[in-house]
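Asker: Handing you a structure now.
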Amino acid sequence: MKLKVFVLIIITLSITMECYTQDYLAAVDDGKNWGFINKKGDWIVKPFCSNLIAPGFNMFSAYDVNSVGLFFDGFAQYTSRGKFGFININGVKVIPAQYAEVSNFHNGYAQVKNWKSWGYINTKGELTIEFQFQFAKNFNDNLAAVKVKNRWGYIDSLGVLIIQPTFKKANSFSEGLASVKFKGLWGVINKRGEWVLEPIYDYIDFFVEGCKDKTRWSLGVYK
């Protein structure tokens, strides 16, 4: 059986996973289905799905039947009949396909949607934070950005609003800071919701250097 391996894709995925998952697996198409191999070329998850979910922006809608995503924190998304669940690195379906949309696992949690609202599950598949948000982001620095009534705030791992939803847009925390959009302009807040940089910028963004979460900020033009 001749393996059809997309080298550029695998290199890209391997780099991504070494930075963010530590699972060190690469997706491979055997001509019929996709599976995952380790660095030695051994099958960790034998080919079983016809489609590979593209990473995109970390959120997906389920259109393909029997598709699989990349591994993050030991789990990968899969779809079945238009719903999402998760498999482990042994290819076992540990969380049944029951959600309209999901995110990848990150710091022990994944965002899941029940067709109307978003909530959070843990790696056991337990619903730890009820379905209640318009949108929800990953937990970073023990806080997660959530959208409530068209405004963004931040919750802790118990689902308690630590920073009230007052922002038009909100990014995840990194090293105790997060960029947020307030009244049309961007600023930076700390984990108490206090302004570290006043909202006077056209934009504020950040990027992570390598795999060590070294954050650098880029500031927009002052108005």
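Asker: Residue under question is GLY193, and the condition is that it be modelled with pLDDT of 95 or more, touching a strand residue (DSSP E or B) at 6+ places or on another chain (Cβ under 6 Å) and within 20 Å of GLN111 (Cβ to Cβ); does it hold?
Answerer: Here the answer is no, as GLY193 does not meet what is asked.
Asker: Looking at (1) among the hydrophobic types (A, V, I, L, M, F, W, C); (2) more than 30 Å from GLY85 (Cβ to Cβ); (3) in contact with a Ser or Thr (Cβ under 7 Å, 6 or more places away or on another chain), find the lone condition where ALA145 falls short.
Answerer: (2)
Asker: Continuing with the same structure: Would you mention how many residues in region 47-88 are assigned to a loop (DSSP other than H, G, I, E, B), modelled with pLDDT under 85 and either in contact with a Gly (Cβ under 8 Å, 6 or more places away or on another chain) or not small (Gly, Ala, Ser) (or both)? It would help to see each step written out before you state the result.
Answerer: Of region 47-88, the ones assigned to a loop (DSSP other than H, G, I, E, B) are 50, 53-58, 60-66, 73-74, 81-82.
Now narrow it down to the ones that are modelled with pLDDT under 85: 50, 53-58, 60-66.
Those left that are additionally either in contact with a Gly (Cβ under 8 Å, 6 or more places away or on another chain) or not small (Gly, Ala, Ser) (or both): 53, 55, 57-58, 60, 62-66.
The total comes to 10.
Asker: Going by what's in this entry, would THR123 be described as among the hydroxyl-bearing types (Ser, Thr, Tyr), within 17 Å of the chain's Cα centre (by Cα) and modelled with pLDDT of 95 or more?
Answerer: Against the criterion (among the hydroxyl-bearing types (Ser, Thr, Tyr), within 17 Å of the chain's Cα centre (by Cα) and modelled with pLDDT of 95 or more), THR123 qualifies.
The values are calculated or read from the model by the stated rules, or taken from the named source; none is laboratory data. Remember, it's a predicted structure, so these values are computed and weren't measured experimentally. Neighbour counts run over all protein chains shown; Cβ positions are idealised from the backbone, glycine included.
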